[in-house]
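Quick notes on the structure that follows.
The values are calculated or read from the model by the stated rules, or taken from the named source; none is laboratory data. For clarity, every value in this text was computed on a predicted model and none was experimentally measured. Quick reminder, even Gly has a Cβ in these numbers, built from the backbone with ideal geometry, and neighbours come from all protein chains shown. When the accessible area is computed, the model is the full protein with side chains, heavy atoms only, and any ligands, DNA or RNA have been set aside. Shrake-Rupley method; radii C 1.70, N 1.55, O 1.52, S 1.80 Å.
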Amino acid sequence: MSFRDLRNFTEMMRALGFPRLISMENFRTPNFTLVAEILIWLVKRYEPHMDIPTDVDSESDRIFFIKAVAQFMATKAHIKLNTKRLYQADGYAVKELLKITSVLYSAMKTKQMALDDQVEEENNKFKFDLSSRISDLKTARQLASEVTSKGASLYDLLGKEVELREMRTAALARPLEINETEKVLRAAIKEVLQSVEKTKDMLNNVVSDENSLDAKIEKKKQELERNRKRLQTLQSVRPAFMDEYEKIEEDLQKQYDTYVEKFKNLCFLESQLDEYHRLEQERFEEAENTLRMMQHKLREEEQDLMRSSLKDEDSDMDVPEDEGSDSDIEESRPCKPRPTRNSIMAGRGARFIGTMQGGDSDESEDSEIDVDEDDEEDEEGDEEESRDLDDDSLEGPGSRGDRPTRGAMRPPLLEESDNDF
C-alpha cells in the first residue's frame, strides 16, 4: 500500500460518482463493510443487471461474496483479483480495487474525449482546411500505391505456395544431423563473438576519441583565454599614431567644411550668372524687337510721305491755265514753292533754295532746277539711309549706338533752311 495508490483510488471513485465520501484513513484498519459496499457498487456500475449476494454478516457469507465478485470480474471484465487481499479489507485491498476502478475510469475518460471530439467535429463541420486535406490526400495516394504493390507481391508468393509447401514438408521430414547443427551453431557463435569484439573495439575507440576531444577542447579554451587577455591589453593600450590620426582627422574636417562652403558659393554664383545671362538675352531680344518695330514704323512713315508728296505734285500739275499770259499770273500771285519729299521730310535735313517771294521767271526757273537737283540728292541720301538702317538692324543695338546716324546730323540743316527764309 502506498499513499499514491490511496490518493488515485479516492480521486477515481469521486470522478466515477461514488455516493459516499472515501477518505484515506478508512483503510488504515480492516473495513470489510466499506470494501463490500465498494465492490457491489463497482459490479453494478459494470453490469447493472448482475445479482450478487449482499449478505456479509458471517464468515462463510463473506467468502462466498468475495468469490462471486472475483469470478464475475474474471469472466466479464477479464480482471484477475486476489481474493486474499480483498478479504483483508485494508490498504492491500485498495490495490485490487484499483484494478477495477482504473478500467472504469479510463472508459469514462475515453467516452468524454469522444464526446469532446464529436463536439469539436460538429463545430468544425463547416470549416475546410485545404492544406491539411492536401497532405491527407498525398498520404492516401501513397498508401494506395503501397497496398497495390503489396497485394501484387502477396499474389505472387501465394502462387509459389504449392512448391514451397512440398519443400517445407520435405525439410521437416528430413532427420536432423547433430554434426551439421553443431557446425552451424558454432559458426553463429563465432560471428556473434566477432561482432562483440568489434563492438568492444569501437567502445575503446570511442573512449580514446573522447579523451582526444577533451584534450582539444581544453587546448582551445586555453587559447581562447589567451586571446581574450591579449584583446584586453590591446584595448587598454593607446596606439602611438592615434594623436596624429586625430589631428589629421580634424584638419580633414576643416578642409571639408571649407570645400562645402566654396562649393555652395560656386553654385550660388553660377546661378546668379545664369540669371544675368538670361536677363541680358531677354533685354537683347526686347531691344531687337523694338528696333524692328521702329524700322517698320519709319518705313511706313516714309511711304506715307512719298504718297502725300506725289499727290501734291499731281495737284500742282493739274491747275487750269487762264486766257491771260502766264507771266501776268505769275506776277500777280506770289511764287509757291513746289512741295517735294525733301520739303515734307524737313526733320531729315532737306535744304530749300530761294525765297518765299515771287520774282522773275528766270529766278523761278533757277530755283526749280536747284530743287530738282536737291530732290535727286535727297533720293540718293534716302537710299543710303535705308541701307544704313538695314545694316544697323543686322549689326545689333551695340554697333548702332556706336555709329552716328544721318538723322542725327540733320537738325543743323533745318536751322540753315530757316535762315534762308
ask   = Of TYR259, TYR105, TYR92, which has the most accessible area with a 1.4 Å probe, and how do the rest follow in descending order?
value = TYR259, TYR92, TYR105
request  = Distance check, please: which entries in LYS67/LYS99; LYS111/LYS138; LYS76/LYS99 exceed 22 angstrom between their Cα atoms?
outcome  = LYS111/LYS138
request  = Take ARG278, ARG238 and sort them by solvent-accessible surface of the protein heavy atoms, 1.4 Å probe, largest at the top.
outcome  = ARG238, ARG278
message = Which order do you get for MET294, MET13 if you rank them by accessible area with a 1.4 Å probe, largest at the top?
response = MET294, MET13
key: Cα→Cβ-extended label distance, 7 Å offset, between ILE217 and GLU244, nm   = 4.8
remark   = Placing each pseudo-label 7 Å from Cα in the direction of the beta carbon, ARG133 and LEU269 end up separated by a distance in nanometres of 7.9
inquiry  = Taking the full set of protein chains and a 1.4 angstrom probe, give the accessible area of ASP214 in square angstrom, rounded to the nearest 10.
reply    = 80
note = Taking 0.36 nm per residue of separation between GLU288 and ILE63 and subtracting their Cα-Cα distance, the length gained on full extension comes to 66.9 nm
Dipole magnitude of the stretch 3-119 about its Cα centre (Cβ charges: Lys, Arg +1; Asp, Glu -1), debye to nearest 20 = 380
task = Any chance you could look up the accessible area of LYS247 with a 1.4 Å probe, heavy atoms only, rounded to 10 Å²?
result = 130
request  = For the stretch 3-119, build the charge dipole from Cβ charges (+1 Lys, Arg; -1 Asp, Glu) around the Cα centre, then report which of SER58, ALA89, PHE3 sits farthest towards its positive end.
outcome  = PHE3
ask   = Which FRET efficiency, nearest 0.05, do LYS229 and LEU143 yield, Cβ-Cβ r, R0 56 Å?
value = 0.35
